[in-house]
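The next block holds one structure in the form of structure tokens; read it before the comments.
Nothing in this text is a laboratory measurement; each read-out follows from the coordinates by a stated rule. Note that the structure is predicted; figures quoted are calculated from it, not measured. Positions of Cβ are backbone-derived with ideal geometry, glycine not excepted, and every protein chain shown enters the neighbour counts.
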Amino acid sequence: MASVTITNVWKYYGKTVAVKDLNITCEDGEFVSVLGPSGCGKSSTLRMLAGLEHISAGDIYFGNTRVNDLEPKDRDIAMVFENYALYPHKTVYENMANPLRLRGESDDLIKKRIAFASEMLEIEHLLQRKPMELSGGQKQRTAIGRAIVREPKLFLFDEPIAHLDAKLRARMRGELKLMQRRLGTTMIYVTHDQLEAMSMADRIAVMHNGVLQQFGTPQDIYNHPVNEWVAGFVGEPPMNFIDCDLVDEGGRLHAVHSSFKVALTDAQTKILHDSLREKSVRMGIRPDQISIKAGTESGVDGRIKLTEPLGGDTLVNVDLKGADELLVKTNPDFNGGIDQACTLTFDTSRWHFFSKETGVAYF
Amino acid sequence: MASRDVVTYKTPLSRLRDVAIVIFLAFYLVWTIMPIFLMFVSSFKDLLAAFQLPPVGAFSKIGLFFDFTPTTKHYYNLFYNLGFSTYLLNSIAAAGGSALVSVVLGSMAAYSLSRVDFRGKADLFFWIISTRMAPVVAVLVPLYAIFRGFDLVGTRTGLILAYTTFNLPFAIWILKGFFDNVPFAIEEASMVDGSTRFQAFRAILPLVAPGIGAFLVLCVLFAWNDFLFASIIGSGGAKTLPPATRELVQPQNIQWGSIMAAGVVTTVPMMFLGLLIRRYLVTGLTMGAVRE
């Protein structure tokens, strides 16, 4: 077990910058997910941790050891690759035994460890098969098994379940989380799927264009995104953004849009008074923080553009007066039809405001 | 997955085509097998029996070909009087040796070219291939001069070196294609598992086995069948089968029986090698060439 400290790490490929001045500290035994779209530098970060990629600048520490110049084999890590990277000519058993054999462990120990790992992953019956004869999920379990038997200081997972079908992915999320809790090994898990990151990690590092945007607990990132980009990337369905003007009426700020005018809370007014530099801001609100009713009542008027029943929830696209559109998540007994009028009410205290210029969140 | 079976219906034209194909194949078979068959049969015949031919067009007398008492005297002559066992050994040593050296050096070079980026890599690769562009004849004279300078003419080492000169670029070229097709992740996994770069290289060698197999055969074939190098670089101390066979043609006395026997001795090992490794050869050659 070990903590991981990444300090001021940069990664260049020629002149392109893949990772910019990254700082992450991961506690011993913690499950940290690195989240971001493709090309955000998350895989480069993981590969630098593994020692497969040269660190252009900065330092990486495992515990108190600086690992910059250590070969992958000397870092005591285990990695699971996106495409599993099993040895195609070896059986599942031999695949899992490989890291132990390379370390010259005894056959007894190898047998014991594989028995433990294969039982945990439910692949005991597959041990004599070759990777070609396995399904995607079984291959992935084998790859994870190969990582577990090592009992390493650190797990590095590079989108291990990205290629599985949706149902299996949902199951594996739970299993992986459980496995990590049981083993207590520090884990760094790279993914582009915000759902995976949210559901599994203790803390999430959100990356975009090689820059760390936010590093915090899933709740923190969901409820208090530091900027518009993080707010839009995390959460499914994504957050709604609309531009509002801010108008001061008797010491209280009001958000004014062509279709509504809503008073902000005291706390919000205070924060904006202290830090606001613009007259117009970008307002963000999550689809599940808007309530909707069919027909015209007191509230914000809208027109239903589209409804998508998902079974447990129904998504409603609402046209506001003007050009803006809001996505609302409501319960399945919502009965509005397309092109009918509807009324929206907002929970003002859950609103987010972002600078239109920089995208940085006011709150 | 969709079925690939396509229903076809017979038309008069397609029947005609089927018949034409059979006829063509029959002719082709005779055309290809006949010389080898004659060589085989003649190597077991007396000189007199070997020249007993039925008149042209008399197919009923075709049995004449088989009307003989088999004799192994040509083979006896070859191995006991003409020293063909040495030549056979020379051939095996030259072909096997150069194949082995080429495959060891070639796979390491191909791996580096496939995996490591360095300045001038494309130029280096082109230079390696370009050494194969000149015909052998063009470089033979300077090569001979160099080999004589190093006292390598007429030695097995010299012959192995000469064949390696020509096989190595070929090995690098073929094997690089195979290494390119092996995902990086497998050796990266191996390195994370705890192996050194060289162990990781060895870990993925089984994945390029078809390529290595295919290359070994081509390499052995090239060296085994070669006449030019063998007669010039190998002449004297390291004579291989082809030049040795050539020497059986003497101005006064063409030893047909022994020539035929020598032909059999030369051909049979390669035929078995081909059979043995046939599957590898086909998948090998296409796997390297076609990127999936």
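Just so you know, the Rg over Rh for the range A:240-354 is 1.00, from Cα atoms, with Rh as the Kirkwood radius. Restriction of the trypsin sites (Lys or Arg not before Pro) in the range A:196-279 to DSSP coil positions whose beta-carbon has at most 13 other beta-carbons within 10 angstrom yields A:277, A:279.
Summarising the strand pairing of the protein assembly as shown, around 80 percent of its internal DSSP beta bridges are antiparallel. For chain A, the longest principal axis of the Cα atoms and the long axis of helix A:107-120 meet at an angle of about 30 degrees.
Counting neighbouring beta carbons within 10 Å and listing from fewest to most, the residues B:116, B:101, B:139, A:230 come out as B:116, B:139, B:101, A:230. Among the GluC sites (Glu not before Pro) found in the range A:290-363, those both in a DSSP coil and sparsely packed, with 14 or fewer other Cβ atoms within 10 Å of their Cβ, are A:297, A:357.
In the elastic network of chain A, a GNM with C-alpha springs shorter than 10 Å, the most mobile of A:80, A:300, A:149 is A:300. Between B:11, B:201, B:144, the Cα set farthest toward the positive side of the dipole of chain B (charges on each charged residue's Cβ, about the Cα centre) is that of B:11.
Taking a ≥ b ≥ c as the square roots of the Cα gyration tensor eigenvalues, with a/c under 1.5 meaning rounded and otherwise prolate when a/b beats b/c, else oblate, which class fits the range A:59-168? It is oblate, given that a/c is not under 1.5 and a/b is not larger than b/c.
Peptide B:179-187 is shielded by partner chain Cβ atoms: per residue, an average of 3 of them sit within 10 Å of its Cβ. Note on chain A: percent of Cα-Cα distances in each 20 Å bin, starting at 0 and stopping at the bin with the largest distance, equals 26, 46, 25, 4. Oblate is the label for chain B, because a/c, from the alpha-carbon gyration tensor with a ≥ b ≥ c as root eigenvalues, is 1.5 or above and a/b does not exceed b/c.
If you plug the beta carbon distance of residue B:6 and residue B:37 into 1/(1 + (r/R0)^6) with R0 = 30 Å, you get a FRET efficiency near 0.20. Neighbour counts of other Cβ atoms within 10 Å put B:175, A:276 in the fewest-to-most order A:276, B:175.
From the alpha carbon centroid of the range A:89-162 to that of the range A:1-49 is 26 Å.
Each of B:36, A:161 was scored by other Cβ atoms within 10 Å of its Cβ. Listed from fewest to most, they are B:36, A:161. Based on DSSP H segments of at least four residues, each scored -39500 (n - 2.57), the protein assembly as shown has a per-residue ellipticity at 222 nm of -14500 deg cm²/dmol. Judged by the gyration tensor of its Cα atoms, with axes a ≥ b ≥ c, the range A:106-181 is oblate; a/c meets the 1.5 cut and b/c is at least as large as a/b. With both residues required to sit in chain A, DSSP beta bridges show an antiparallel share near 75%. Annotation for the range A:45-125: GluC sites (Glu not before Pro) lying in DSSP loop with at most 13 further Cβ atoms inside 10 Å of their Cβ are A:122. Our note on the geometry: Cα centres of the range A:327-357 and the range B:132-165, 83 Å apart.
Fraction of C-alpha pairs exceeding 16 angstrom in the range B:1-101: 77 percent, rounded to a whole number.
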